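The values are calculated or read from the model by the stated rules, or taken from the named source; none is laboratory data. As the structure is a prediction and not an experimental result, all values here were calculated from the model. As a convention, Cβ positions derive from the backbone with ideal geometry for all residues, glycine included, and neighbour counts pool all protein chains shown.
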Amino acid sequence: MRYPRIILRSIWPPAVVVLILLSLWHLAVVLFSIPEFLLPTPWSVLQKMYEQWPRLIAATGRTATATLVGFGLSAVIGIVSGSMLSLVPLARRGVYPLTLLLQMVPLVAIAPMLVIWFGYGLPSVIAAACIVSIFPVIAGTLDGLQSVDAGLAEMFKIHRAGRIRTWWSLGLPWSLPSVFTGLRIAAGLAVIGAIVGEFVGAFGGDRAPLGAIITSALKQNQTSTVFAAVALAAMLGFALFGFVNLVGWLLLGRWHESAR
Amino acid sequence: MTNVHVRLREVEKIFPGGVEAVARMDLDLAPGRVTALLGPTGCGKSTLLRLIGGVELPTAGSIEIEPSPRIGFCFQEPRLLPWRNVRRNVALPLELAHASSEICRREADRRLKMVGLSDAADFLPAALSGGMRMRAAVARAFIADPNLLLLDEPFAALDEVTRLRLDEEVAALVREQSITVLLVTHSIAEAIFLADEVMVLSPRPARIIKRFEIPFGERNAALRGREEFGRLQSEIYEVLLAGMGDAA
């Protein structure tokens with residue numbers, strides 16, 4: 001009984017805020033007679049979602065696949081490279097400042113190049129999701145490993161533990177809270193990366209993911225469809241964020257304040 | 001168990017920045033005996049212990065430990081891994097020495113029984129009191145059957161009653177197993193209670209001002225009430241005070 005109550009307690013405040021915002025939105029559209037191609041009401045967005053459900057849910061599935069694979073890759077590559085940078089001081093000094101490029105170069109600018117390198121479809125979208133979400137994971141992992149308690153590190157040294165063993169038994173568990181902070185940020189960014197990647201590099205028609213649906217609906221002034229696709233992309237982001245939180249809670253809940 | 005002999009000759013430790021922690025120190029830790037280093041805060045006694053433990057390297061001089069030691073370390077803080085339960089924390093030194101999980105578990109349970117923590121084996125450190133955490137740290141220090149035990153103000157952060165009780169337990173354990181022990185402490189009473197020999201150190205850089213042979217055999221709570229204990233305590237205090245005065 002405890003967990004459903006905790007979940008309910010954490011869900012109702014944002015749910016109320018969302019309801020209030022949707023009501024205000026609806027009211028504004030009706031009161032100011034805003035045309036639907038400029039801003040549809042939440043109700044017409046819902047209607048559009050219902051009408052196009054099979055197409056939209058299939059598109060969401062495609063975007064979710066690219067997001068999950070891109071996020072998974074950024075999690076694995078980010079944790080491994082953050083760990084390597086921590087273990088090799090020279091690499092940290094030489095390479096870490098360059099990883100900032102991943103954060104600073106606008107994805108929109110490099111997305112066309114990803115299409116050239118990886119071709120149209122899933123691979124270039126996965127690459128976009130991965131590139132845009134990897135930096136927080138690298139930074140979180142590195143920060144966590146750099147902040148390992150000096151006393152505990154000394155204890156491992158006394159017991160002649162090697163660097164890999166110390167990383168595995170001390171560094172990695174110690175840095176998990178910081179890694180999960182990076183993963184939470186990366187979860188949202190991976191969805192953004194996938195959608196932007198799809199703007200440029202996704203197939204259209206029957207194989208269209210959410211990003212491609214958004215661009216084609218925009219060209220046809222189907223604003224309700226755009227909103228419906230954006231809402232589904234946002235839900236995808238929330239779901240991934242929730243999943244990361246759940247895994248973090250399972251791993252850290254028993255011993256770390258951040259997950260309680 | 002083969003007891004180890006620790007021999008320091010002309011050992012010097014100067015940290016980067018020029019801080020001289022230990023100055024040309026000669027020290028012998030006799031096999032199977034407990035030696036206490038007593039000195040003011042920051043005098044370099046913990047550095048000396050870390051030099052013997054191999055955590056720091058001396059700037060000059062030599063440190064010989066024969067035969068090759070199995071070192072048990074107990075720090076001022078328990079240094080338990082918060083994500084591991086007490087049993088797995090205690091077993092850590094064996095795990096790092098690649099012992100099988102069965103041996104780790106069996107030995108950890110044996111050591112936890114020794115320090116009276118069997119019931120808390122599955123608890124996380126956060127669920128333990130300060131005294132229980134320190135007991136777990138003592139159990140961990142003993143798990144690899146050390147022949148050299150280095151104690152760095154192990155109970156300094158505990159309340160007086162818990163500290164006295166743990167002193168008694170450790171005194172019994174080290175005497176039972178006749179381990180070579182180096183204890184670093186601020187407490188004169190703790191040094192006399194646990195050690196066979198007390199060395200009073202000067203303020204930094206550490207040098208030995210005077211050695212005291214502790215004449216007591218059995219260590220139990222009643223020892224602290226004995227007249228000789230009090231007299232020795234005053235005598236060491238005078239030497240410590242005079243040493244600090246010299247530095248001033």
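Could you list, in sequence order, all residues of region B:32-67 that are polar (S, T, N, Q) and either within 15 Å of the chain's Cα centre (by Cα) or outside the structural domain of B:PRO154 (by TED's automatic domain parsing) (or both)?
Restricting attention to region B:32-67, the residues satisfying the condition of being polar (S, T, N, Q) are B:35, B:41, B:46-47, B:59, B:62.
Once the filter is applied, which keeps residues that are polar (S, T, N, Q) and either within 15 Å of the chain's Cα centre (by Cα) or outside the structural domain of B:PRO154 (by TED's automatic domain parsing) (or both), region B:32-67 yields B:THR35, B:SER46, B:THR47.
If you take just the helices (runs of 4 or more DSSP H) that sit entirely in region A:160-244, which of them hold at least 2 residues that are within 24 Å of A:VAL105 (Cα to Cα) and of a type in the set (A, V, I, L, M, F, W, C)? Even if it seems obvious, please write down each step before you answer.
Working: elements: A:163-166, A:172-201, A:210-219.
Hits in region A:160-244: A:172-201, A:210-219.
When residues of region A:60-90 are filtered for being closer than 16 Å to A:ALA239 by Cα and among the small types (Gly, Ala, Ser), how many remain?
Going residue by residue through region A:60-90, those that are closer than 16 Å to A:ALA239 by Cα are A:60-72.
If we keep only those that are among the small types (Gly, Ala, Ser) as well, we get A:61, A:64, A:66, A:70, A:72.
Total satisfying the criteria: 5.
Taking region B:11-24 on its own, how many of its residues are out of contact with any Asp or Glu (no Cβ under 6 Å at 6 or more places or on another chain), over 18 Å from B:ARG211 (Cβ atoms) and either of a type in the set (Asp, Glu) or part of a strand (DSSP E or B) (or both)?
4
Tally the residues that are touching a residue at least 24 places away in the same chain (Cβ under 8 Å) and more than 23 Å from A:THR181 (Cα to Cα), restricting the search to region A:141-163. Full working, then the answer.
Filtering region A:141-163 down to residues touching a residue at least 24 places away in the same chain (Cβ under 8 Å) leaves A:141-149, A:163.
Still in the running and more than 23 Å from A:THR181 (Cα to Cα): A:163.
The qualifying residues number 1.
Among all residue pairs at least 6 apart or on different chains, which show Cβ distances below 7 Å where the first residue, located in region A:238-260, is free of Cβ contacts under 8 Å to residues at least 24 places away in the same chain and the second is of a type in the set (Phe, Trp, Tyr)?
A:TRP255/B:TRP83
Which numbered condition in (1) assigned by TED's automatic domain parsing to the domain that holds B:ARG224; (2) out of contact with any Phe, Trp or Tyr (no Cβ under 6 Å at 6 or more places or on another chain); (3) surrounded by 20 or more Cβ atoms within 10 Å (Cβ to Cβ) is the only one that B:ASP152 fails?
Among (1) assigned by TED's automatic domain parsing to the domain that holds B:ARG224; (2) out of contact with any Phe, Trp or Tyr (no Cβ under 6 Å at 6 or more places or on another chain); (3) surrounded by 20 or more Cβ atoms within 10 Å (Cβ to Cβ), the lone unmet condition for B:ASP152 is (2).
Considering each of B:PRO69, B:PRO82 in turn, give the residue that is within 14 Å of another protein chain (Cβ to nearest Cβ) and free of Cβ contacts under 8 Å to residues at least 60 places away in the same chain. If you could, list the steps in order and put the result at the bottom.
Values: B:PRO69 fails: free of Cβ contacts under 8 Å to residues at least 60 places away in the same chain.
Only one candidate qualifies: B:PRO82.
Looking at region B:177-193, can you tell me whether even one residue there is under 14 Å from B:CYS74 (Cβ atoms) and in contact with a Ser or Thr (Cβ under 6 Å, 6 or more places away or on another chain)?
yes
Those residues that are in a helix (DSSP H, G or I), modelled with pLDDT of 90 or more and away from chain A (no Cβ under 14 Å), I need them from region B:114-129; list them, please. Steps first, please.
Residues of region B:114-129 in a helix (DSSP H, G or I): B:114, B:118-120, B:125-127.
Subset that is modelled with pLDDT of 90 or more: B:118-120, B:125-127.
Matches in region B:114-129: B:SER118, B:ASP119, B:ALA120.
Search region B:165-202 for residues being in contact with a Gly (Cβ under 8 Å, 6 or more places away or on another chain) and among the aliphatic types (A, V, I, L, M), and hand back the single one that is modelled with the highest pLDDT.
This residue is B:VAL200.
Kindly indicate whether any position in region A:98-118 is assigned to a loop (DSSP other than H, G, I, E, B), at pLDDT below 95 and under 21 Å from the mean Cα position of the chain (by Cα).
Applying the first criterion (assigned to a loop (DSSP other than H, G, I, E, B)) to region A:98-118 yields A:105-106.
If we keep only those that are at pLDDT below 95 too, we end up with A:105-106.
Those still in the list that are under 21 Å from the mean Cα position of the chain (by Cα) too: A:105-106.
Yes, region A:98-118 contains at least one residue that is assigned to a loop (DSSP other than H, G, I, E, B), at pLDDT below 95 and under 21 Å from the mean Cα position of the chain (by Cα).
For region A:138-171, give me each residue that is within 7 Å of chain B (Cβ to nearest Cβ) and among the acidic types (Asp, Glu).
A:GLU154
Give the residues of region A:240-260 that are surrounded by 15 or more Cβ atoms within 10 Å (Cβ to Cβ) and under 16 Å from A:VAL191 (Cβ atoms), sorted by residue number.
Listed by number, the residues that qualify are A:LEU240, A:PHE241, A:VAL244, A:ASN245.
Restricting attention to region A:164-174, which residues are in contact (Cβ under 8 Å) with a residue 60 or more places away in the chain and surrounded by 18 or more Cβ atoms within 10 Å (Cβ to Cβ)?
A:TRP167, A:GLY171
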